[in-house]
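Trainee: Below is the structure I would like to discuss, written out as C-alpha coordinates.
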Amino acid sequence: MKIGEIAALLDATCILGEERRDEEVIYGFASDLMSDVLTLTQEGILLITGLCNIQTIRTAEMANIQFILFARNKQITKDMLTLAEQENMVLLQTRYSLFKTSGILYQAGLKSVY
Amino acid sequence: MHFEYTILDNDFANAGAASSSIKKILKQLNIDAKKIKRVVIAVYEAEVNAIAHANGGTIYVDIDDKGIEVTIKDSGPGIADLDLAMQVGYSTASQKVREMGFGAGMGLPNIKNNVDLLDIKTEVGVGTQIKMVVNF
(Lines give C-alpha, C1' and ligand atoms only; values in the text may rest on other atoms or scores of the structure.)
Protein backbone atom coordinates (compact mmCIF):
# COMPACT_ATOMS: atom_id res chain seq x y z
CA MET A 1 0.00 0.00 0.00
CA LYS A 2 1.33 3.42 -0.93
CA ILE A 3 2.26 5.88 1.81
CA GLY A 4 0.12 8.55 0.13
CA GLU A 5 -2.88 6.21 0.21
CA ILE A 6 -2.31 5.48 3.92
CA ALA A 7 -2.09 9.22 4.68
CA ALA A 8 -5.35 9.87 2.81
CA LEU A 9 -7.24 7.04 4.56
CA LEU A 10 -6.20 8.31 8.00
CA ASP A 11 -6.35 12.03 7.27
CA ALA A 12 -2.70 11.94 8.36
CA THR A 13 -0.06 14.62 8.10
CA CYS A 14 3.32 13.75 6.65
CA ILE A 15 5.88 15.25 9.05
CA LEU A 16 8.91 13.94 7.21
CA GLY A 17 9.48 12.33 3.82
CA GLU A 18 6.57 13.87 1.89
CA GLU A 19 8.44 13.18 -1.36
CA ARG A 20 8.22 9.42 -0.70
CA ARG A 21 4.39 9.24 -0.87
CA ASP A 22 4.58 6.81 -3.79
CA GLU A 23 6.67 4.25 -1.91
CA GLU A 24 4.90 1.16 -0.61
CA VAL A 25 4.72 -0.87 2.58
CA ILE A 26 3.49 -4.45 2.78
CA TYR A 27 2.89 -4.98 6.49
CA GLY A 28 1.49 -2.99 9.39
CA PHE A 29 2.62 -3.58 12.98
CA ALA A 30 0.97 -1.69 15.84
CA SER A 31 2.81 -1.61 19.16
CA ASP A 32 3.97 0.67 21.94
CA LEU A 33 6.41 -1.99 23.10
CA MET A 34 9.73 -1.57 21.36
CA SER A 35 11.06 -5.03 22.29
CA ASP A 36 8.11 -6.46 20.35
CA VAL A 37 9.09 -4.37 17.34
CA LEU A 38 12.63 -5.75 17.64
CA THR A 39 11.35 -9.30 17.08
CA LEU A 40 10.22 -8.55 13.52
CA THR A 41 12.18 -10.08 10.66
CA GLN A 42 10.09 -8.86 7.71
CA GLU A 43 10.97 -5.87 5.54
CA GLY A 44 8.46 -3.32 4.22
CA ILE A 45 6.80 -2.62 7.58
CA LEU A 46 4.79 0.41 8.66
CA LEU A 47 5.18 0.85 12.42
CA ILE A 48 1.99 2.20 13.97
CA THR A 49 2.59 3.44 17.49
CA GLY A 50 1.50 5.73 20.28
CA LEU A 51 4.99 5.73 21.79
CA CYS A 52 6.48 9.05 20.87
CA ASN A 53 10.07 9.43 22.04
CA ILE A 54 13.60 9.07 20.71
CA GLN A 55 13.59 5.30 21.33
CA THR A 56 10.77 4.88 18.80
CA ILE A 57 13.11 6.22 16.12
CA ARG A 58 16.12 4.26 17.43
CA THR A 59 14.11 1.04 17.47
CA ALA A 60 12.93 1.60 13.91
CA GLU A 61 16.54 2.22 12.88
CA MET A 62 17.67 -1.11 14.39
CA ALA A 63 14.71 -3.00 12.92
CA ASN A 64 15.22 -1.50 9.43
CA ILE A 65 11.80 0.18 9.55
CA GLN A 66 11.62 3.32 7.44
CA PHE A 67 7.95 4.23 7.86
CA ILE A 68 6.43 5.26 11.21
CA LEU A 69 2.87 6.39 11.85
CA PHE A 70 2.13 8.10 15.16
CA ALA A 71 -1.46 7.73 16.34
CA ARG A 72 -3.53 9.99 18.64
CA ASN A 73 -1.84 13.18 17.50
CA LYS A 74 1.40 12.48 19.34
CA GLN A 75 3.83 15.37 18.92
CA ILE A 76 7.19 14.55 17.40
CA THR A 77 10.10 16.25 19.16
CA LYS A 78 13.02 18.01 17.50
CA ASP A 79 15.55 15.32 18.49
CA MET A 80 13.27 12.63 17.04
CA LEU A 81 12.98 14.58 13.80
CA THR A 82 16.75 15.08 13.56
CA LEU A 83 17.47 11.38 14.01
CA ALA A 84 14.67 10.34 11.64
CA GLU A 85 16.00 12.72 8.99
CA GLN A 86 19.49 11.30 9.42
CA GLU A 87 18.10 7.76 8.99
CA ASN A 88 16.04 8.73 5.93
CA MET A 89 12.67 7.85 7.49
CA VAL A 90 9.10 8.82 6.71
CA LEU A 91 7.02 10.05 9.67
CA LEU A 92 3.23 10.31 9.58
CA GLN A 93 0.88 11.61 12.24
CA THR A 94 -2.86 11.00 12.63
CA ARG A 95 -5.41 12.06 15.23
CA TYR A 96 -7.06 8.61 15.04
CA SER A 97 -6.49 6.01 17.78
CA LEU A 98 -4.18 3.04 17.37
CA PHE A 99 -7.26 0.81 17.14
CA LYS A 100 -9.06 2.87 14.51
CA THR A 101 -5.86 3.37 12.51
CA SER A 102 -5.11 -0.35 12.49
CA GLY A 103 -8.71 -1.23 11.59
CA ILE A 104 -8.81 1.12 8.63
CA LEU A 105 -5.45 -0.05 7.27
CA TYR A 106 -6.24 -3.74 7.76
CA GLN A 107 -9.55 -3.31 5.95
CA ALA A 108 -7.77 -1.51 3.12
CA GLY A 109 -5.46 -4.49 2.62
CA LEU A 110 -2.33 -3.77 4.65
CA LYS A 111 -1.03 -7.15 5.80
CA SER A 112 -0.60 -8.27 9.40
CA VAL A 113 2.83 -9.57 10.46
CA TYR A 114 1.60 -12.35 12.76
CA MET B 1 39.15 -4.17 14.29
CA HIS B 2 38.49 -3.02 17.87
CA PHE B 3 36.10 -0.36 19.17
CA GLU B 4 34.91 0.73 22.60
CA TYR B 5 31.88 2.71 23.68
CA THR B 6 30.91 4.11 27.06
CA ILE B 7 27.29 3.90 28.20
CA LEU B 8 26.40 6.54 30.75
CA ASP B 9 24.09 5.99 33.71
CA ASN B 10 20.46 6.87 33.05
CA ASP B 11 21.33 8.26 29.60
CA PHE B 12 18.14 7.14 27.88
CA ALA B 13 18.43 9.84 25.23
CA ASN B 14 21.55 8.13 23.88
CA ALA B 15 20.44 4.52 24.28
CA GLY B 16 21.18 2.98 20.91
CA ALA B 17 23.97 5.37 19.94
CA ALA B 18 26.59 2.58 20.12
CA SER B 19 24.36 0.13 18.23
CA SER B 20 23.81 2.78 15.58
CA SER B 21 27.57 3.29 15.22
CA ILE B 22 28.16 -0.48 14.99
CA LYS B 23 25.44 -0.73 12.32
CA LYS B 24 27.18 1.89 10.19
CA ILE B 25 30.56 0.18 10.56
CA LEU B 26 29.12 -3.22 9.54
CA LYS B 27 27.37 -1.63 6.55
CA GLN B 28 30.66 -0.13 5.42
CA LEU B 29 32.20 -3.59 5.69
CA ASN B 30 29.44 -4.90 3.36
CA ILE B 31 28.21 -7.44 5.89
CA ASP B 32 24.90 -9.16 4.97
CA ALA B 33 21.93 -6.97 6.01
CA LYS B 34 20.23 -9.80 7.94
CA LYS B 35 23.38 -10.40 9.98
CA ILE B 36 23.69 -6.68 10.70
CA LYS B 37 20.10 -6.58 11.94
CA ARG B 38 20.75 -9.51 14.31
CA VAL B 39 23.87 -7.82 15.71
CA VAL B 40 22.34 -4.40 16.25
CA ILE B 41 19.11 -5.71 17.81
CA ALA B 42 21.13 -7.73 20.33
CA VAL B 43 23.49 -4.84 21.12
CA TYR B 44 20.64 -2.35 21.35
CA GLU B 45 18.71 -4.49 23.84
CA ALA B 46 21.92 -4.93 25.87
CA GLU B 47 22.57 -1.18 25.76
CA VAL B 48 19.06 -0.47 27.06
CA ASN B 49 19.62 -3.07 29.79
CA ALA B 50 22.88 -1.44 30.90
CA ILE B 51 21.19 1.96 31.14
CA ALA B 52 18.02 0.63 32.72
CA HIS B 53 19.51 -1.71 35.31
CA ALA B 54 23.24 -1.16 35.73
CA ASN B 55 24.26 2.53 35.87
CA GLY B 56 25.81 2.30 32.44
CA GLY B 57 28.91 0.36 31.39
CA THR B 58 31.43 -0.22 28.62
CA ILE B 59 30.99 -1.95 25.27
CA TYR B 60 33.95 -3.73 23.66
CA VAL B 61 33.60 -4.65 19.99
CA ASP B 62 35.91 -6.89 17.97
CA ILE B 63 35.30 -7.55 14.29
CA ASP B 64 37.19 -9.87 11.96
CA ASP B 65 36.30 -11.69 8.75
CA LYS B 66 34.62 -14.53 10.65
CA GLY B 67 32.25 -12.48 12.78
CA ILE B 68 31.68 -9.91 15.50
CA GLU B 69 32.16 -10.27 19.24
CA VAL B 70 30.54 -7.71 21.53
CA THR B 71 31.11 -7.66 25.28
CA ILE B 72 29.20 -5.32 27.57
CA LYS B 73 30.57 -4.93 31.08
CA ASP B 74 28.87 -3.09 33.90
CA SER B 75 29.37 -2.54 37.62
CA GLY B 76 25.68 -2.68 38.37
CA PRO B 77 23.74 -4.75 40.90
CA GLY B 78 24.14 -8.05 39.00
CA ILE B 79 21.32 -10.45 38.12
CA ALA B 80 20.06 -12.39 41.14
CA ASP B 81 18.32 -15.18 39.19
CA LEU B 82 19.65 -15.52 35.65
CA ASP B 83 17.28 -18.35 34.67
CA LEU B 84 14.34 -16.18 35.65
CA ALA B 85 15.78 -13.16 33.80
CA MET B 86 16.05 -15.27 30.64
CA GLN B 87 12.31 -16.00 30.75
CA VAL B 88 10.06 -13.91 28.52
CA GLY B 89 7.89 -11.62 30.62
CA TYR B 90 10.07 -11.45 33.73
CA SER B 91 11.22 -7.89 34.40
CA THR B 92 12.47 -5.69 37.21
CA ALA B 93 12.35 -2.53 35.05
CA SER B 94 11.31 0.84 36.44
CA GLN B 95 8.39 2.95 35.25
CA LYS B 96 10.90 5.19 33.43
CA VAL B 97 12.15 2.23 31.38
CA ARG B 98 8.58 1.21 30.53
CA GLU B 99 7.84 4.75 29.36
CA MET B 100 10.69 4.35 26.89
CA GLY B 101 8.93 1.34 25.35
CA PHE B 102 10.94 -1.38 27.10
CA GLY B 103 10.72 -3.30 30.39
CA ALA B 104 8.45 -6.12 29.27
CA GLY B 105 10.94 -8.86 30.06
CA MET B 106 11.96 -9.44 26.46
CA GLY B 107 15.48 -8.00 26.39
CA LEU B 108 17.59 -11.03 27.26
CA PRO B 109 15.37 -13.47 25.27
CA ASN B 110 15.60 -11.11 22.25
CA ILE B 111 19.39 -11.03 22.60
CA LYS B 112 19.55 -14.84 22.78
CA ASN B 113 17.43 -15.19 19.63
CA ASN B 114 19.75 -13.00 17.59
CA VAL B 115 23.23 -14.24 18.47
CA ASP B 116 25.18 -17.42 17.76
CA LEU B 117 26.82 -17.40 21.18
CA LEU B 118 25.71 -15.76 24.41
CA ASP B 119 27.73 -15.92 27.60
CA ILE B 120 26.52 -14.08 30.70
CA LYS B 121 28.65 -13.78 33.81
CA THR B 122 26.95 -12.03 36.69
CA GLU B 123 27.48 -11.54 40.40
CA VAL B 124 25.14 -9.76 42.74
CA GLY B 125 26.73 -6.53 44.00
CA VAL B 126 29.63 -6.77 41.53
CA GLY B 127 28.19 -6.49 38.03
CA THR B 128 27.38 -8.27 34.81
CA GLN B 129 29.34 -9.14 31.69
CA ILE B 130 27.51 -10.18 28.56
CA LYS B 131 29.46 -11.61 25.64
CA MET B 132 27.69 -12.02 22.32
CA VAL B 133 29.02 -13.45 19.08
CA VAL B 134 27.41 -13.31 15.64
CA ASN B 135 29.17 -15.27 12.90
CA PHE B 136 29.24 -13.75 9.41
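Trainee: Which ones in the range A:24-38 are outside any strand (DSSP E or B), hydroxyl-bearing (S, T, Y) and more than 7 Å from chain B (Cβ to nearest Cβ)?
Mentor: If the condition is that a residue be outside any strand (DSSP E or B), hydroxyl-bearing (S, T, Y) and more than 7 Å from chain B (Cβ to nearest Cβ), then A:S31 is the only one that fits.
Trainee: For the subset of the range B:107-126 comprising residues that are without any contact (Cβ under 8 Å) to a residue 40 or more places away in the chain and either surrounded by 22 or more Cβ atoms within 10 Å (Cβ to Cβ) or assigned to a helix (DSSP H, G or I) (or both), which member is farthest from the other protein chains (Cβ to nearest Cβ)?
Mentor: So, considering only residues that are without any contact (Cβ under 8 Å) to a residue 40 or more places away in the chain and either surrounded by 22 or more Cβ atoms within 10 Å (Cβ to Cβ) or assigned to a helix (DSSP H, G or I) (or both), the one farthest from the other protein chains (Cβ to nearest Cβ) is B:K112.
Trainee: For the range A:18-31, give me the residue count where each residue is out of contact with any helix residue (DSSP H, G or I) (no Cβ under 8 Å at 6 or more places or on another chain) and surrounded by 17 or more Cβ atoms within 10 Å (Cβ to Cβ).
Mentor: So the answer is 1.
Trainee: On to the next question. Kindly indicate whether B:K96 is modelled with pLDDT of 95 or more, of a type outside the set (G, A, S) and surrounded by fewer than 22 Cβ atoms within 10 Å (Cβ to Cβ).
Mentor: Considered against the rule, which asks whether it is modelled with pLDDT of 95 or more, of a type outside the set (G, A, S) and surrounded by fewer than 22 Cβ atoms within 10 Å (Cβ to Cβ), B:K96 comes out as no.
Trainee: Filter the range A:39-85 down to residues that are in a helix (DSSP H, G or I) and either free of Cβ contacts under 8 Å to residues at least 60 places away in the same chain or surrounded by fewer than 19 Cβ atoms within 10 Å (Cβ to Cβ) (or both), then give me how many there are.
Mentor: So the answer is 16.
Trainee: Could you grab the pairs with beta carbons closer than 7 Å, sequence gap of 6+ or different chains, first residue in the range A:88-100 and surrounded by fewer than 14 Cβ atoms within 10 Å (Cβ to Cβ), second one charged (D, E, K, R)?
Mentor: Listed by first residue and then by second, the contacts come to A:S97/A:R72.
The values are calculated or read from the model by the stated rules, or taken from the named source; none is laboratory data. The structure displayed is predicted, hence computed values, not measured ones. As a convention, Cβ positions derive from the backbone with ideal geometry for all residues, glycine included, and neighbour counts pool all protein chains shown.
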